[in-house]
Each structure stands twice: as structure tokens, then as C-alpha cells.
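Here's the structure we're looking at; comments come further down.
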Amino acid sequence: MSLQKRLADIVGAANVLTAPEDTKPYFTDWRKQYSAPAECVVRPATTQEVAQVVALCARENVAIVPQGGNTGLVGGSVPTGARREIVLALARMNRIRALDALNDTATVEAGCVLAAVQRAAEEAARLFPLSLAAEGSCQIGGNLSTNAGGVNVLRYGTAREQVLGLEVVLPDGRVWDGLRGLRKDNTGYDLKQLFLGAEGTLGVITAAVLRLYPKPSASATAWIALGAEREAVELLAALRERLGERISAFELLSRSCLERVLAHVPDLRDPLRAPHPWYVLAQFADSGEPLELQARVEQALAGREAVLAQSGEQARALWRIRESIPEAQFANVKHDISVPVSCIPEFTRIAGAALAASFPGVEIYCFGHVGDGNLHYNVGPARLLESREAVNRIVYDAVERLGGSISAEHGLGQLKREAIRSRKPPLELELMRALKAMLDPKGLMNPGKVL
């Protein structure tokens, strides 16, 4: 009996896709940089079905590529074509199993779209703070497997910090049930941390217990003009002193990014009359009355050239500018780096000068999350894609010089798999390989990614 037939016996024939017109979206990444065939796409609906599929593939020595919304940016959720593979697409596993408002937790399946989890929390007068530009299509399993960041990391932390418990199908098909909604559990190794950020290379996350938070009753959104990157770091420090934990997001973007967005999305407008080299889009949230928070923010920003949104519609328009940046400058050499917050100005100076010296006429599109030191540092024009390795080397050298990371929130996938070998301490790589060999001795889980 063929592999496809045995897979169909587990998930149903309609959920084993083999026709090219059906499988193409699963075999190509969002940026269309990586595309390779696999034997089929399998769409399980339950954890038990995932376990049976994984066990079958383990017996047949067939590799598995777990896939959520396929919105990743490093080629981590698509096949490599280097061996027998199937894509395990988890979109049908989209149930919210439980929501405990008193414990501030939600137990959700891996295929739940992030926006659906946010809505479920909101309906219970709670907040799930993970927020990304792709939240209408990315799935929780992928968010956790890549340790997604997003705009609210400053206040709430990364995806890793939103997880209390996990359910994982191991590479041999066994199911580890760690779905515990406990904030204290000091009974040994914190096993869930092995799978968070592992990009599906150690097992398949099928469900998670997520932290929820009280829903703020007041919010304020501000667009602030800056003359230099250093002003963003200094402003963040000043606002923290004045507003404390009320700062939820603090996003930096260059004038070049804004101009690309305005050209790409004609119905958006420049929030300020005069151009400025840099801007910050800041979000504030609190309990209490909205007018009180608005007054606090206005006082904290007194003397600065800024726009404070006067309605939800205006706030959404400002955030739409930020969310439109990735698509507005699609064809360039992209980087997702992090450095200590205090080193952001030095990084942009060092990297910008080195790139300008090597590539006259270089175009820099810099935006990102100042509060956690994460910048998306994209280098154009498009012709520099042919010089990607040289561009990467300059940027990564600047990152390394400042004690940073070449992947802050997008993961390694295929894109950075080779680069990490020369930039991560040998002992760290040794320990990572040891964990991989222990949990996945046949190397069947998402091969060709991370390690």
C-alpha cells in the first residue's frame, strides 16, 4: 500500500493533497524565495491524527515539514526537496479547547489563527497581547515554533513568554501532554522551552495553554517625529520614567520606509506636514478613563512634534502605515537583527557607513521594535539581491561587534542556517545538536532548518 493511501486512511482522502494546483501554496514560502516539492500535503484534524501520521512517517523514514499559516520569512515552513518529505499542515486543528477567565488562560490548538485567539480573549474581556502584521493568517503553532515577537514585546514579552503549557507530538509519534495552566511548577526541567522557538525541528506543537491579561480600558496612539535614531532611545527612556508600564509598543521607522508606504498605499497620508528623518509610533494602554491616559501622554510628549490619534479610526490609520512596510519594500536584502537597546544608534551608524562604502547609492529601509532592540534592517535597491552574501556579512559583522543576534524574531529556517554556524559559539551548537540527536535521531523533523 502506498504512503499516500496509508495517510489517507488516517486523515481522510480529501485531506491528502497531491495535485500540483492544490500543493503549490504549501510548497512555496511567503517571500517566494524557497520552493521545493514534497510527496504530499497532509491535513490532520486532531492530535491523535498527527500522532498517527508522525508514527507512520517515522517507520517509513519520511521527513515531516510542520506548517501553520506559511507566513514565515526565512523558509522554515516549506520543503527543501533534499529527501522524501511531506508537509504537515495544521490549519484544520483550529479549536479553542478552553478559556478560563479566572485563571487568565486559553487552551488553543496549533492551527488557530492568531486573530481568532485575540478575538476569543476579547470576548472574555481579556487580552492576548501577541500582535503581528500577519495576525489575520499566521497560526499559533507557527508563532510558538518561531518564538514570534511583534509590536507588544516591550510590555508583554515574546511568544515564548505567553505560554504556560504545551502539547507536542514527538518525532516517534508519542504525545507529550504538558497542557498545564500553572504559573509555578518547580518539578524539574521546563520541557516546553525546548519546543518554543525550535521551528518544528524537535516535534510538532499541537496545542498550547496561553496567558491572558486584563483588557485595558484606555489606549492612546502617538506618531512622533525625530531627528536621529538616538532620540528614539532617549525618548523611550524618558517615557518609561513618566508613564511606566503604560507603554505597550514603541516602533521606529525611517523616512525611507514611510515614503515607500505612501507610494504603495495611495489612501494613506503623511501624519505630519513636514518630513523628518525618523519617526516613532507608540501605543499606550492603561486601566481607568481614556481621557486621563490621553492627558498623561500629551503631557509626556509636550514640546515634541507629534500627532496623538483622536479616534480609533485615526489610530488604525497610523498602525496601517507600520503594518504596510514589509509589502511596500518587498525586493531587497532583509535582516531581522537585535542589539542592546542602547546600541541601536551605533549599529545604524556602523552598518550604514560600511554599506555606503561598499555599495554607493545603497538604500536603507530601517524599522522595528526599539523597546527590545529588534530592527528590521533592509538594504536596497533590488539589484543588491545579487550581492546578498556581501551585504549580509557587513550587517552581521556590525551586529556581532555590538553583541547582538542575527535573528531576533523571524527564526533561522533555511535562510540563516549556514550563517549561524560561524556566528554562534561552538558549545551552543554542540548542545543544540545533542538535543536534536536525542529527540529526533533519524533527523525527520523539518530537516534542513536551523541545524
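Scanning the range 204-225 for residues that are within 14 Å of residue 254 (Cα to Cα) and either modelled with pLDDT under 95 or not aromatic (Phe, Trp, Tyr) (or both) yields 224, 225. Those helices (runs of 4 or more DSSP H) of the range 99-187 in which 3 or more residues are within 23 Å of residue 53 (Cβ to Cβ) and touching a residue at least 12 places away in the same chain (Cβ under 8 Å) occupy 140-145.
Within the range 226-242, none of the residues are modelled with pLDDT of 95 or more, over 23 Å from residue 343 (Cβ atoms) and either aliphatic (A, V, I, L, M) or touching a Lys or Arg at 6+ places or on another chain (Cβ under 6 Å) (or both). Answer yes if at least one residue in the range 214-237 is free of Cβ contacts under 8 Å to residues at least 24 places away in the same chain, outside any strand (DSSP E or B) and farther than 30 Å from residue 141 by Cα, and no otherwise. So far as the range 214-237 goes, yes, one or more of its residues are free of Cβ contacts under 8 Å to residues at least 24 places away in the same chain, outside any strand (DSSP E or B) and farther than 30 Å from residue 141 by Cα. Name the one entry in 320, 383, 349, 393 that is at pLDDT 95 or above, out of contact with any strand residue (DSSP E or B) (no Cβ under 6 Å at 6 or more places or on another chain), assigned to a helix (DSSP H, G or I) and assigned by TED's automatic domain parsing to the domain that holds residue 237. Answer to the check: 320. Restricting attention to the range 188-201, does a residue exist that is surrounded by fewer than 24 Cβ atoms within 10 Å (Cβ to Cβ), assigned to a helix (DSSP H, G or I) and not assigned by TED's automatic domain parsing to the domain that holds residue 162? Checked the range 188-201: no residue is surrounded by fewer than 24 Cβ atoms within 10 Å (Cβ to Cβ), assigned to a helix (DSSP H, G or I) and not assigned by TED's automatic domain parsing to the domain that holds residue 162.
Test residue 360 against the criterion of being farther than 20 Å from residue 277 by Cβ, touching a Gly at 6+ places or on another chain (Cβ under 7 Å) and either of a type in the set (S, T, N, Q) or at pLDDT 95 or above (or both), and give yes or no. Judged against the criteria, residue 360 is not a match.
For the range 1-52, which residues satisfy the criterion of being small (Gly, Ala, Ser) and buried (at least 20 other Cβ atoms within 10 Å of the Cβ)? Matches in the range 1-52: 38, 51. The number of residues in the range 424-451 being outside any helix (DSSP H, G or I) and either touching a helix residue (DSSP H, G or I) at 6+ places or on another chain (Cβ under 6 Å) or surrounded by 17 or more Cβ atoms within 10 Å (Cβ to Cβ) (or both) comes to 9.
The values are calculated or read from the model by the stated rules, or taken from the named source; none is laboratory data. Predicted model only: the values in this text are computed from it and were never measured. FYI the Cβ positions are ideal-geometry reconstructions off the backbone, even for glycines, and counts take in every protein chain you see.
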